[in-house]
Amino acid sequence: MSYYGSSWMQDPSTYICANMYVFFNYSLLLVMLISGLVGYWMWKVVVSKVSYNRFIEHESLEVWWTCVPVMTLIFIGVPSLRLLYMYDCQPGKSLCLKVIGRQWYWSYEYGRLGIFFDSFPININDLNVGGFRIMDVDTRVVLPGEVPVRVMVTAGDVLHSWAVPSFGVKVDAVPGRLNVFRMNAINPGVYYGQCSELCGVGHSIMPIVVEVVSWSAFVDWVNKMI
């Protein structure tokens, strides 16, 4: 999770999020390179006493400044499309989790396992030592690591948004509609998120807590919840 004074993104905990960070750094490098080149040529035009009239109606130059932006867009577009494909298509069987946003808490359903529960924020007076104010919940979502998970997000009243930055996930919860995505957590741990769509006076107290555990620990949790 983010801490006070953090100046960078949270550590990725899914393959998709890790690839998103790589794509972000790659795109940022291209933007900095283009900005540097444009700034350099603007400076050259301003300080130089040489006339640039010979560039008027220069066909070769026009071809270059058309082809270079097209190639740049291709260099950005291909990795972006690959990332979108990874986000939506993950082969193999997966665990199904249904997320329902409500005012102002989350409901979760492990349909095939017969597990249903609501997740409410813990009152500040009931927090344990080391707990996070307005971030901890009474019942966490528990997922097995290295197992594909199919998450279906919807809402029971107004618009919400299920967002966990370390997973690279921000999915709108819309009443009457199912938004589906797939993820595969790779690092065990506890991950925090919040509702990211203004949904009323309790919007700021709709935390999300996901605990990623080993397969054996997940089986023990399932047996305990059934």
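What is the gain in length, in nm to one decimal, between Asp220 and Trp41 on full extension, counting 0.36 nm per residue of separation less the C-alpha to C-alpha distance?
Result: 58.0 nm gained on full extension.
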key: Cα-based equivalent ellipsoid of the range 99-138: semi-axis lengths in Å, sorted from largest, via gyration tensor   = 24, 12, 7
ask   = Looking only at Cα atoms, what is the convex hull volume of the range 15-88 per residue, in Å³?
value = 78
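Based on the mean of other beta carbon atoms within 10 Å per residue, what is the order of 168-180, 61-73, most packed first?
Sorting 168-180, 61-73 by mean packing, highest first, produces 168-180, 61-73.
Can you give me the Rg/Rh ratio for the range 113-226, using Cα atoms for both radii and the Kirkwood formula for Rh?
Numbers: Rg = 14.4 Å, Rh = 15.1 Å.
Ratio value, two decimals: 0.95.
Please list the three semi-axes, largest first and in whole Å, of the ellipsoid equivalent to the range 108-168, using sqrt of 5 times the eigenvalues of its alpha carbon gyration tensor.
Numbers: eigenvalues 103, 50, 38 Å².
They are 23, 16, 14 Å, listed largest first.
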ask   = Which helices pass in the chain if a helix is a full DSSP H run, must span at least 27 angstrom along its long axis by Cα, and must have mean Kyte-Doolittle hydropathy not below -1.0?
value = 15-47, 59-88
ask   = At Leu159 and Ile134, where each label point lies 7 Å from the Cα along Cα→Cβ, what is the point-to-point distance in nanometres?
value = 2.2
message = Can you give the local net charge around Val158? Use residues other than it whose beta-carbon is closer than 14 angstrom to its beta-carbon, Lys and Arg +1, Asp and Glu -1.
response = -1
task = Kindly rank 101-107, 35-41 from highest to lowest mean number of other beta carbons found within 10 Å of each residue.
result = 101-107, 35-41
ask   = Hey, rough spin-label estimate for Val22 and Cys96, points 7 angstrom out along Cα→Cβ, what's it come to in nanometres?
value = 3.2
request  = Take every Cα-Cα distance within the chain, group them into 5 Å bins from 0 onward, and report for each bin the whole-number percent of pairs it holds.
outcome  = 1, 6, 11, 15, 15, 13, 9, 6, 5, 5, 5, 4, 3, 2, 1, 0, 0
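Every read-out reported here was derived from the displayed coordinates using simple, explicitly stated rules and does not represent laboratory data. Values in this document were obtained by computation on a predicted structure and should not be read as measured data. Positions of Cβ are generated from backbone atoms using ideal geometry, with glycine treated the same way; all protein chains shown enter the neighbour counts.
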